[in-house]
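Participant: Got a structure here, written out as C-alpha cells. Questions coming.
Bear in mind that the values in this text are calculations on the coordinates, not laboratory data. Not measured: the values here are computed from a predicted model. Here the Cβ is made from the backbone with ideal geometry for all residues, glycine too, and neighbour counts use every protein chain on show.
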Amino acid sequence: MKNKEKTLQLFNSMCKDTLMETLHIKYVDYGDDFLVATMPVNSRVYQPDGILNGGATMALAESVGSPVSLLVIDKENYTVRGIEFSANHLKSVKNGIVTATAKFIHKGRTTHLIEIKITDDQNNLISICKLTNIILPKN
C-alpha cells in the first residue's frame, strides 16, 4: 500500500504549476491497467450557464488518459504523448466531484488506446472519451 501511496503522491506532485493544479485535479487510485483522478465541479470549471464545461471535462480526461501509459512504460527511455482524442458528453453536472477512470483498450509497444469514463457523485456516466497515446523514445 505504501508503494501505491508513494506513486500517487508522485503523480500529484507532477501537477504543480500545471493545468491539473489549476483545475484541482487529484490522482486517487491506480492499478495495472487503470488510473483514477477526481476534479471538483464549481465556478472555476463552469461554462457561462453554470454547468461543467466540456473543455474542463476533456482536460480531466486527458490528464488521466496520458499518464496511465506512464504506469507501464520504461520512463527512463520513453515518453508519452496524446495524438488523438474524442469525447461524448452525456449528462451535465452543476456541483460535486467528477471522477475520471482511464483503462487500457489496447496496450501496444508504440501506441496505447485508452478509454476514459467520467462519472458524477452518484456514479452517473457524464462523458466517455477515447485517447490514443504514442510512446516515443526520449532524445
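Participant: Provide C15, C129 in ascending order of the number of other Cβ atoms located within 10 Å of each residue's Cβ, fewest first.
Facilitator: In order of increasing Cβ crowding within 10 Å: C15, C129.
Participant: Compute the helix-to-body angle for 2-13: its Cα long axis versus the longest principal axis of the chain, expressed 0 to 90° and rounded to tens.
Facilitator: Value to nearest ten degrees: 70.
Participant: Using the 2.2 N^0.38 Å rule of thumb for compact globular proteins, work out how the range 2-137 stacks up: its C-alpha Rg over that value, please.
Facilitator: Taking the Cα Rg and dividing by 2.2 N^0.38 Å, one obtains 1.01.
Participant: As I understand it, the value is the acute angle between the Cα axis of helix 54-65 and the longest principal axis of the Cα atoms of the chain; what does it come to in degrees, rounded to 10?
Facilitator: 30
Participant: Rank these for me by crowding, T101, T110, T38, going from fewest to most other beta carbons within 10 Å.
Facilitator: Ranked by crowding around the Cβ, least crowded first: T110, T38, T101.
Participant: Ok, one more. Hey, fewest Cβ within 10 Å first, where do E5, E115, E62 land in order?
Facilitator: E5, E115, E62
Participant: Still on this structure: Taking K16 as the anchor, which lysines have their alpha carbon closer than 25 Å to its alpha carbon, excluding any fewer than eight residues away along the same chain?
Facilitator: Correct list for K16: K2, K4, K6, K26, K75, K103, K117, K138.
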